[in-house]
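Have a look at the structure below, then the notes.
The values are calculated or read from the model by the stated rules, or taken from the named source; none is laboratory data. Small disclaimer: the values here were computed from a predicted structure and weren't measured. Here the Cβ is made from the backbone with ideal geometry for all residues, glycine too, and neighbour counts use every protein chain on show.
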Amino acid sequence: MGSWGAHFDLPVARESAAVARAAASEILRAWGYRERHWLDQVAVVLSELVANAVRHAGGRLSVELRAEDGRVVVCVVDGSPAPPRRREPVDADSGDGGHGLVIVEHLSTAWRVEPHPAGKRVCAEFKVDVTTDRC
């Protein structure tokens, strides 16, 4: 499988998580990824990363996707240098969150925070079944 990359900017708005999820799913399908469960996991993690950036970071917001070497990496760049931190989950009915990084840790192979000139880049990696070049 070759190497692929995509980038798109988003407004810092509540609906950006849904837009990122849909756009990334379409991009990954265009790259040949078809396994629905795997695509859903990537979409959920990306949605959490974007929602965290909208809620806590502000400023610029963009999404980067890369596929190479048997893995897919999704990254969210936002305008704050402060790294995300795990919070204690609160009551789901309150809508106050606290589950985002737990979800990211559970569904991705690995995740990391990198400095970025605009603030920070938060990335999550996903393994791809290299025997078929598709998940």
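Only one of the numbered conditions (1) at pLDDT 85 or above; (2) touching an Asp or Glu at 6+ places or on another chain (Cβ under 7 Å) is violated by Leu49, and that is (2). Pairing residues of the stretch 54-67 that are touching a residue at least 24 places away in the same chain (Cβ under 8 Å) with residues that are polar (S, T, N, Q) and surrounded by 17 or more Cβ atoms within 10 Å (Cβ to Cβ), at Cβ distances under 7 Å and at least 6 apart in sequence or on separate chains, gives Val54/Ser16; Leu61/Ser16.
The residue list Asp40, Asp78, Asp9 contains one member that is over 11 Å from the mean Cα position of the chain (by Cα) and without any contact (Cβ under 8 Å) to a residue 24 or more places away in the chain, which is Asp40. Among the residues of the stretch 75-90 satisfying the criterion of being exposed (fewer than 15 other Cβ atoms within 10 Å of the Cβ) and in contact with a strand residue (DSSP E or B) (Cβ under 6 Å, 6 or more places away or on another chain), which is modelled with the highest pLDDT? Taking the candidates together, the pick is Pro81. Within the stretch 33-54, which residues are out of contact with any Cys (no Cβ under 9 Å at 6 or more places or on another chain), surrounded by 14 or more Cβ atoms within 10 Å (Cβ to Cβ) and not hydrophobic (A, V, I, L, M, F, W, C)? Listed by number, the residues that qualify are Gln41, Ser47, Glu48, Asn52.
Listed here are the residues, each with its yes/no results for (1) within 28 Å of Pro81 (Cα to Cα); (2) small (Gly, Ala, Ser); (3) in contact with a Pro (Cβ under 8 Å, 6 or more places away or on another chain).
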residue: Gly5; (1), (2), (3): yes, yes, no
residue: Leu10; (1), (2), (3): yes, no, no
residue: Arg29; (1), (2), (3): no, no, no
residue: Leu46; (1), (2), (3): yes, no, no
residue: Leu49; (1), (2), (3): yes, no, no
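Set side by side, the residues Ala57, Ala22, Ala43, Ala6 differ, and just one is modelled with pLDDT of 95 or more and touching a Ser or Thr at 6+ places or on another chain (Cβ under 9 Å), which is Ala43. Restricting the stretch 15-32 to residues that are aliphatic (A, V, I, L, M) and exposed (fewer than 15 other Cβ atoms within 10 Å of the Cβ), the residue that is farthest from Val113 (Cα to Cα) is Ala30. Among the residues making up the stretch 22-70, those that are in a strand (DSSP E or B) and among the hydrophobic types (A, V, I, L, M, F, W, C) are Leu61, Val63, Leu65, Ala67. The numbered conditions (1) closer than 13 Å to Val45 by Cβ; (2) in a helix (DSSP H, G or I); (3) at pLDDT below 90 are all true for Asp93 except (1).
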